[in-house]
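The values are calculated or read from the model by the stated rules, or taken from the named source; none is laboratory data. Model, not experiment: these values are computed from the prediction. Here the Cβ positions follow ideal geometry from the backbone for every residue, glycine too, while neighbour counts run over all protein chains shown.
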Amino acid sequence: MDHDRQEVYERIPWETLERKGGDRQWIVYAVAGAVTLGALAYSFTRNQPVAPQASPVASTAPASPPMSNTDSPPSTVASPIVVAEADLYAVEPERLIDRASAHAEWFAVEYMALDRSDESRRLLASLLPAGTPLPEAPEGLQVYVDWVRTVRVTPSGPVSYQVEVLVRSLVSDPEGGFVRQPPMLVGVEIEIGDDGEAHLAGVPSISAAQVTAAPELALVPVPDEVLAEAQLEGEVLGGVRSSDGTWEIVVMADGPDGVRRPVTIRP
């Protein structure tokens with residue numbers, strides 16, 4: 001029993017070492033074969049002819065030759081005014097017109113209004129050209145501007161405009177009320193300065209606005225069935241029939257302020 005058990009223990013380590021040794025041997029063969037194939041591939045690549053590569057200079061676009069001091073034109077420094085005008089020319093004309101129109105309307109309000117406050121006098125003096133006297137009025141007279149609207153803008157230079165502003169004002173009366181005045185046309189010359197700001201370029205002009213009479217409104221009687229369908233309230237003055245058969249009816253209607261006015265109703 002002891003002899004058989006000793007033979008078994010001697011054979012187990014030997015068989016195990018023999019199998020492991022065989023595995024390591026196959027690994028060594030595989031590594032050696034891989035190294036050999038790599039060496040053959042590298043040798044084959046080195047022996048192949050290589051096509052000449054294009055030089056970096058030929059593959060890139062030719063750069064522009066540097067300008068020498070003798071070829072460059074003499075440099076000149078532009079004045080700030082010329083640069084500012086060039087910048088203004090690049091601005092869209094509509095934007096300059098809007099700026100000139102807005103400044104003209106602002107000036108027209110301050111120029112026509114008169115509330116006798118020191119603040120208003122200082123503001124108007126800053127808007128008028130230097131040395132221009134302020135408006136004068138009898139003692140106690142006050143003027144308030146009802147509305148203003150630009151009616152015409154005419155270019156008078158590269159960055160200057162002749163602007164006409166329509167002004168409607170209210171003038172105080174001795175009884176303490178205000179009387180609406182006929183519309184006046186205020187003409188101002190507006191320039192856009194080097195800083196991009198608008199300013200008055202001269203003393204304004206004032207003239208009475210010309211009112212163009214509207215054409216006569218040709219009203220015709222409205223059929224009774226149209227009036228019945230519309231269910232109108234107020235005095236019917238007549239109507240106008242369009243080409244598609246619909247009617248526009250003019251009636252005298254009472255407004256929320258208690259005034260009856262002619263209005264158009266489209267049933």
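Going by the conditions given, is residue 239 at pLDDT 90 or above, outside any loop (DSSP other than H, G, I, E, B) and in contact with a helix residue (DSSP H, G or I) (Cβ under 8 Å, 6 or more places away or on another chain)? When the stated conditions are applied, residue 239 passes them. When residue 182 is tested against the conditions (1) assigned to a loop (DSSP other than H, G, I, E, B); (2) outside the structural domain of residue 154 (by TED's automatic domain parsing), the lone failure is (2). Scan region 191-221 for residues that are under 24 Å from residue 97 (Cα atoms) and not small (Gly, Ala, Ser) and the total you get is 11.
Counting only residues that are touching a helix residue (DSSP H, G or I) at 6+ places or on another chain (Cβ under 8 Å) and among the small types (Gly, Ala, Ser), which one in region 91-128 is surrounded by the most Cβ atoms within 10 Å (Cβ to Cβ)? That would be 113.
Confirm whether residue 259 is of a type in the set (A, V, I, L, M, F, W, C), modelled with pLDDT of 90 or more and exposed (fewer than 10 other Cβ atoms within 10 Å of the Cβ). Quick ask: steps written out before the conclusion?
Working: of a type in the set (A, V, I, L, M, F, W, C): yes; modelled with pLDDT of 90 or more: yes; exposed (fewer than 10 other Cβ atoms within 10 Å of the Cβ): yes.
So residue 259 fits the description; yes.
Residues 169, 207: which one is at pLDDT 90 or above, surrounded by fewer than 15 Cβ atoms within 10 Å (Cβ to Cβ) and under 36 Å from the mean Cα position of the chain (by Cα)? Unique residue meeting the criteria: 207. The residues of region 209-267 that are within 30 Å of residue 152 (Cα to Cα) and of a type in the set (A, V, I, L, M), listed by number, are 209, 211, 213, 214, 217, 263.
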